[in-house]
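Take a look at the structure set out below.
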Amino acid sequence: MSATRKPIVVVGSINMDLVARSPRIPEPGETLIGTDFSQTPGGKGANQAVAVGRLGYPVEMVGLVGEQGYADLLLEYLKAAGGGIEGMGRVQGPSGIGFIVLAADATNAIVVMPGSNGKVTPAVVDAQAERIRNAGMVLCQLELPLETVVRVSEIAKEAGVPLMLDPAPAAKMPDLLWKNTNWVTPNETEAAFYLSGEDLEPEQAAKQLLAKGVDGVILKRGAEGSYLLKAGGGAEWIPPYQVKAVDTVGAGDSFNGAFAVALMEGKDPVTAAKFASAAAAVSVTRPGAADAMPTRDEVEALFSAGTNQPKK
Ligand code: RIB
């Protein structure tokens, strides 16, 4: 590994996603007949690691799989996508599971059973502290216990390694975690949660999130694109790419992985966000979470075509 290609380290969840395709998301108390079922690797952490690996950038993952379900399959998948798995451990009990309803309009609803992800304690990451200190950037999400994510943020901060936090699923984050975070990347519902339910315009929401102590905010707004705000100036709408979405699961993870890669490769944040947006756009054109993560060539092709090409 060269000095300029320090690995991205993802400390996060790894799940098997059990996906039911359905005409729409059911209402409370409602039963619907599904149209298709699939079992496919996911978890916000693993999705982001695979997103990085498919783009050809060095990536290592820290986390746990459960011996009583999918452990080998998930680890082999991660490895095949280019992910380093030396920082992954195994524990008794099930691995994480994502129960997903995927509607015909490509929207989704997810319930995650943490399984082994819930056993990633601060002690587990302390044992991997050297790996975290040697990273070019650390990516976290909130599918591990909150105190563990806080611990990762402390290790990264002390070592001067930038932390990108996908604050999903939304959880009450301590002030220290906000202050230790460089980039925070909520979607619309998460942003509203962190702003006490206030439904603010993106410009206002990003300002308020920035005031919590991060260096940069990206509000991920799905088909509307994203809004980027950086401390000390620099605000921009990143327009969406025109694609036909069939499955939006993991699109945000694709964005984060690609944004991290682009920043590590020296792109400025706005260009990096446009590149990430292209990655997310490719990912929604096909089924699966980790499975849908695009290659470098696919992202470059859409990135070069720009955001104005017609929907296919
Ligand atoms: O972000 C999508 C992911 O959320 C799914 O893969 C699911 O496992 C949950 O973690």
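Overview of results
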{"quantity": "Condition check for A278: in a helix (DSSP H, G or I) and either in contact (Cβ under 8 Å) with a residue 12 or more places away in the chain or open to solvent by less than 50 Å² (accessible area, probe 1.4 Å) (or both)", "calculated": "yes"}
{"quantity": "Where a residue in the range 89-100 is within 22 Å of V249 (Cα to Cα) and its partner, wherever it lies, is more than 8 Å from the ligand (Cβ to nearest atom) and aromatic (F, W, Y), with Cβ under 7 Å and at least six apart", "calculated": "S95/Y70"}
{"quantity": "Members of the range 238-266 found to be among the acidic types (D, E) and closer than 26 Å to A104 by Cβ, listed by number", "calculated": "D247, D253"}
{"quantity": "Of all residues making up the range 149-170, the number that are in contact with a Ser or Thr (Cβ under 6 Å, 6 or more places away or on another chain) and free of Cβ contacts under 8 Å to residues at least 60 places away in the same chain", "calculated": "2"}
{"quantity": "Residues (of a type in the set (A, V, I, L, M), within 16 Å of the ligand (Cβ to nearest atom) and either assigned to a helix (DSSP H, G or I) or farther than 23 Å from A273 by Cα (or both)) located in the range 161-188", "calculated": "A171"}
{"quantity": "Residues (touching a strand residue (DSSP E or B) at 6+ places or on another chain (Cβ under 6 Å) and either open to solvent by 70 Å² or more (accessible area, probe 1.4 Å) or outside any loop (DSSP other than H, G, I, E, B) (or both)) located in the range 133-143", "calculated": "M137, V138, L139, C140"}
{"quantity": "F259 being open to solvent by less than 30 Å² (accessible area, probe 1.4 Å), of a type in the set (A, V, I, L, M, F, W, C), within 15 Å of the ligand (Cβ to nearest atom) and part of a helix (DSSP H, G or I)", "calculated": "yes"}
{"quantity": "In the range 101-127, the residues that are part of a strand (DSSP E or B) and either without any contact (Cβ under 8 Å) to a residue 12 or more places away in the chain or open to solvent by less than 60 Å² (accessible area, probe 1.4 Å) (or both)", "calculated": "V101, L102, A103, N108, A109, V112"}
{"quantity": "Segments classed as strands (runs of 3 or more DSSP E), wholly inside the range 13-76, with at least 1 members that are more than 29 Å from E130 (Cα to Cα) and within 11 Å of the ligand (Cβ to nearest atom)", "calculated": "15-22, 36-42"}
{"quantity": "Matching entry among A289, A276 (being under 15 Å from A81 (Cα atoms) and either polar (S, T, N, Q) or within 12 Å of the chain's Cα centre (by Cα) (or both))", "calculated": "A289"}
{"quantity": "Unique residue being open to solvent by 40 Å² or more (accessible area, probe 1.4 Å), assigned to a helix (DSSP H, G or I), at negative phi and touching a Leu at 6+ places or on another chain (Cβ under 9 Å) when the list is E147, E154, E158, E130", "calculated": "E154"}
{"quantity": "Boolean, V214 is within 16 Å of the ligand (Cβ to nearest atom), of a type in the set (A, V, I, L, M, F, W, C) and either part of a loop (DSSP other than H, G, I, E, B) or open to solvent by 70 Å² or more (accessible area, probe 1.4 Å) (or both)", "calculated": "no"}
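Listed here are the residues, each with its yes/no results for (1) hydrophobic (A, V, I, L, M, F, W, C); (2) at pLDDT below 95.
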position: E198; (1), (2): no, yes
position: L209; (1), (2): yes, no
position: G216; (1), (2): no, no
position: L219; (1), (2): yes, no
position: D247; (1), (2): no, yes
position: G250; (1), (2): no, no
position: F255; (1), (2): yes, no
position: K267; (1), (2): no, no
position: V270; (1), (2): yes, no
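The values are calculated or read from the model by the stated rules, or taken from the named source; none is laboratory data. No experiment lies behind these values; they were computed from the predicted model shown. All Cβ positions, even for glycine, are placed from backbone atoms using ideal geometry, and neighbour counts span all protein chains on display. Surface accessibility is based on the protein's heavy atoms, side chains included, excluding ligands, DNA and RNA. Shrake-Rupley method; radii C 1.70, N 1.55, O 1.52, S 1.80 Å.
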